[in-house]
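These notes concern the structure reproduced below.
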Amino acid sequence: MSRKALIAANWKMYKTPAEAKAFVDAFLPLVAGHDRDEIALFPSPVLLPTVIAACNGSNVAVGAQNIHFAEEGAFTGETSVGRTHTLIGHSERRQYFAETNEIVNKKLHTALKHGLIPIVCVGEVLAEREAGLTASVLQTQITGAFAGITAEAAGPIVIAYEPVWAIGTGKTATPEIAVDAHKIIRAEVAKLLGADVAAAIRILYGGSVKPDNATSLIGQEEIDGALVGGASLKPDSFTAIVKY
Ligand code: PGA
């Protein structure tokens, strides 16, 4: 089954509106007409209006880095459902903002209810890998995230495998490590939602993806794209990854 790759930029808490606009103005001509892969930018919430307006009518989608599970309410400082895509459960959300598998699950239900394309992030920390716990951590994260999700509803879901020890560290997982993890994740999805959903679901790799390692990672049959942090901040390097 062929799955269209998705190359996603996670800008985290970087860029001013002027910098975001300058990025998009430089980036769109570089990827004009590129339809082999889907491309999406995930800017911080304050940049969303600027980036959405600048990407309007282009081949580049724009999504949120996070959503709250409620549509509205007394949640000071939180943001509700954003645009067409949203990240859910990024490891920095889990690590610094106490996001549990249960919260990730509630957010996934909210995203699907609102027709968003959710990118559910999972991945083990270094101590878990070294203790031989990678498979059980990934299985627990997937089972937790997918609680109550039916095969019929799961169509839009994308998963990103992001080993925490590879995020922002310059230490990329080898293609073999990434492929092994993706197989564990796909098998878990098959167990929960059946072989058809598992065969169709896209699993991205994230963690120090750079222009010089993008081809060896995304080129793997099991790897359906990339979630890119640091190397997505400059139009040239993100374009090189998009065109792996
Ligand atoms: P990185 O971040 O590419 O800077 O490692 C990836 C991510 O956090 O999604």
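Values in this text are rule-based calculations from the coordinates and carry no lab data. In this text the structure is predicted, and so the values were computed from the model without any measurement. FYI the Cβ positions are ideal-geometry reconstructions off the backbone, even for glycines, and counts take in every protein chain you see.
May I ask you to list the chymotrypsin sites (Phe, Trp or Tyr not before Pro) in the range 49-110 that are in a DSSP loop and have at most 16 other Cβ atoms within 10 Å of their Cβ?
In loop regions of the range 49-110 (DSSP not H, G, I, E or B), the sparsely surrounded chymotrypsin sites (Phe, Trp or Tyr not before Pro) are Phe75, Phe97.
When the Karplus curve 6.51 cos²θ - 1.76 cosθ + 1.60 is applied with θ = phi - 60°, which whole-Hz ³J(HN,Hα) does each residue of the range 133-140 get, with x for Gly and Pro?
Each residue's phi maps through the Karplus curve to give 9, 3, 4, 6, 5, 5, 5, 5 Hz.
Using the Cα centre of the chain as origin and beta-carbon charges of +1 (Lys, Arg) and -1 (Asp, Glu), tell me which of Pro29, Gly206, Ala240 is placed farthest towards the positive end of the dipole.
Toward the positive end, the furthest listed residue is Pro29.
Between Ala199 and His114, how high is the FRET efficiency from 1/(1 + (r/R0)^6) when r is the Cβ-Cβ distance and R₀ = 22 Å? Nearest 0.05.
0.30
First check a/c for the range 164-244, with a ≥ b ≥ c the square roots of the eigenvalues of its C-alpha gyration tensor; if it is under 1.5, answer rounded, and if not, answer prolate when a/b is larger than b/c or oblate otherwise.
Here the range 164-244 falls in the prolate category.
Show me, for the range 172-178, the HN-Hα J-couplings you get by feeding each phi into the Karplus relation (A = 6.51, B = -1.76, C = 1.60, θ = phi - 60°), rounded to Hz, glycine and proline as x.
8, 5, 5, x, 5, 4, 5
In whole Å, what is the distance between the alpha-carbon centres of the range 1-62 and the range 107-139?
23 Å
Of Lys4/Lys191; Lys113/Lys191; Lys113/Lys243, which ones are farther than 28 Å apart at the Cα?
Violating the 28 Å Cα-Cα cut-off are Lys113/Lys243.
Could you tell me the calculated FRET efficiency between Thr140 and Ser58, based on Cβ-Cβ distance and R0 = 45 angstrom, to the nearest 0.05?
Result of the calculation: an efficiency of 0.70.
Enumerate the whole-percent occupancy of each 10 Å bin, from 0 to the last occupied one, for all C-alpha pair distances of the chain.
Spelled out per bin, shortest first, that is 8, 34, 39, 18, 2.
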